[in-house]
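Peer 1: One structure coming up, written as structure tokens, with questions to follow.
The values are calculated or read from the model by the stated rules, or taken from the named source; none is laboratory data. Quick caveat: nothing in here was measured; it's all calculated off a predicted structure. Every residue, glycine as well, gets a Cβ built from its backbone with ideal geometry; the counts of neighbours run over all protein chains shown.
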Amino acid sequence: MADSGWIEDAATNEVVWEMTYRNTRHAGGARKNRLFDGEIMLDPGTYEVHYETDDSHAFASWNDTAPPAPRSWGIVVTPVK
């Protein structure tokens with residue numbers, strides 16, 4: 001995957017979650033578009049979300065069919081209470 005995302009514990013820099021091909025599914029549009037749609041549980045603390053994308057198939061610069069649901073492009077973190 002050219003685009004990737006992960007969450008790190010800010011105190012330890014330990015990666016506590018990472019987007020992988022195996023924990024994602026097709027997101028619509030081009031076959032390479034991937035989506036993680038699930039919940040992860042994090043211990044109380046401070047975290048940093050990281051996202052990297054390439055320059056050939058990204059927001060407003062698609063080289064193949066864009067995925068639907070623009071609000072889901074990149075990383076969206078939603079707290080669940």
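Peer 1: Take the residues in the stretch 33-55 that are outside any strand (DSSP E or B), in contact (Cβ under 8 Å) with a residue 12 or more places away in the chain and not hydrophobic (A, V, I, L, M, F, W, C); name whichever of them is farthest from Arg71 (Cα to Cα).
Peer 2: Of all residues in the stretch 33-55, those outside any strand (DSSP E or B) come to 33, 36-46, 53-55.
Pick out the ones that are also in contact (Cβ under 8 Å) with a residue 12 or more places away in the chain and you get 33, 36-40, 42, 45-46, 53-54.
With the extra rule that they be not hydrophobic (A, V, I, L, M, F, W, C), the set shrinks to 33, 37-39, 45-46, 53-54.
On the way: Asn33: 14, Asp37: 13, Gly38: 16, Glu39: 17, Gly45: 26, Thr46: 24, Thr53: 16, Asp54: 19 Å.
The residue in question is Gly45.
Peer 1: Does Ala30 fit the bill of being part of a loop (DSSP other than H, G, I, E, B), at pLDDT 95 or above, at negative phi and in contact with a Ser or Thr (Cβ under 7 Å, 6 or more places away or on another chain)? Even if it seems obvious, please write down each step before you answer.
Peer 2: Numbers: part of a loop (DSSP other than H, G, I, E, B): yes; at pLDDT 95 or above: no; at negative phi: yes; in contact with a Ser or Thr (Cβ under 7 Å, 6 or more places away or on another chain): yes.
Taking the combined requirement at face value, the residue does not satisfy it.
Peer 1: Let me ask something additional. Any idea which residue in the stretch 6-27 is nearest to the chain's Cα centre (by Cα), counting only those that are assigned to a loop (DSSP other than H, G, I, E, B) and of a type in the set (A, V, I, L, M, F, W, C)?
Peer 2: Restricting attention to the stretch 6-27, the residues satisfying the condition of being assigned to a loop (DSSP other than H, G, I, E, B) are 10-14, 19-24, 27.
This time we only want the ones that are of a type in the set (A, V, I, L, M, F, W, C), so: 10-11, 19, 27.
Working: Ala10: 18, Ala11: 21, Met19: 6, Ala27: 11 Å.
Applying the filter and picking the extreme gives Met19.
Peer 1: Hey, could you check the stretch 33-51 for residues that are farther than 14 Å from Glu8 by Cα and surrounded by fewer than 12 Cβ atoms within 10 Å (Cβ to Cβ) and say which is nearest to the chain's Cα centre (by Cα)?
Peer 2: Initially, the stretch 33-51 is screened for residues farther than 14 Å from Glu8 by Cα, giving 33-39.
With the extra rule that they be surrounded by fewer than 12 Cβ atoms within 10 Å (Cβ to Cβ), the set shrinks to 37-39.
On the way: Asp37: 9, Gly38: 11, Glu39: 12 Å.
Top of the filtered list is Asp37.
Yes or no, residue by residue, for (1) exposed (fewer than 11 other Cβ atoms within 10 Å of the Cβ); (2) touching a residue at least 24 places away in the same chain (Cβ under 8 Å):
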site: Ala58; (1), (2): no, yes
site: Ser61; (1), (2): no, no
site: Trp73; (1), (2): no, no
site: Pro79; (1), (2): yes, no
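Peer 1: So, Asp54, is that one surrounded by 10 or more Cβ atoms within 10 Å (Cβ to Cβ) and of a type in the set (Asp, Glu) or not? Talk me through it step by step, then tell me what you get.
Peer 2: Working: surrounded by 10 or more Cβ atoms within 10 Å (Cβ to Cβ): yes; of a type in the set (Asp, Glu): yes.
Yes.
Peer 1: Now for a different question. Given (1) on the phi > 0 side of the Ramachandran plot; (2) in contact with a Leu (Cβ under 6 Å, 6 or more places away or on another chain), where does Gly45 come up short, assuming only one miss?
Peer 2: (2)
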